[in-house]
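These notes are about the structure you will find just below.
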């Protein structure tokens, strides 16, 4: 269940068919402000929706830190997959 929560808490959006003029303007602004395109897009969307000033949600992954569990069987399978068969490379 934690994985599902982690996945939905940081859902991503995909933008398609961004007009060239808009793309150029956003990229130019990101370069001018020394920010990522993602930061510039979030700021622009917040401003457009009238929620300017509200900081974007940050995800620090604290809820999943330290939850890794070793799985010897999976390690064995991965090691087997990484083995090079010399006969295939002749």
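The values are calculated or read from the model by the stated rules, or taken from the named source; none is laboratory data. All values reported here derive from a predicted model rather than from experimental measurement. Glycine gets a Cβ as well: all are built from the backbone with ideal geometry, and neighbour counts include every protein chain shown.
Figure legend. Inter-residue proximity from segment 64-90: first residues touching a residue at least 60 places away in the same chain (Cβ under 8 Å), second residues exposed (fewer than 10 other Cβ atoms within 10 Å of the Cβ), beta-carbon distance below 9 Å, spacing 6+ or different chains. Indicated pairs: 64/2; 64/3; 67/2.
Which of the residues belonging to segment 70-80 are part of a loop (DSSP other than H, G, I, E, B) and loosely packed, with under 10 Cβ neighbours inside 10 Å? Scanning segment 70-80 gives a single hit, 70.
With respect to the conditions (1) assigned to a loop (DSSP other than H, G, I, E, B); (2) within 21 Å of the chain's Cα centre (by Cα); (3) modelled with pLDDT of 85 or more, residue 83 falls short on a single one, namely (2).
Of the residues making up segment 19-69, those that are surrounded by 10 or more Cβ atoms within 10 Å (Cβ to Cβ) and assigned to a helix (DSSP H, G or I) number 22.
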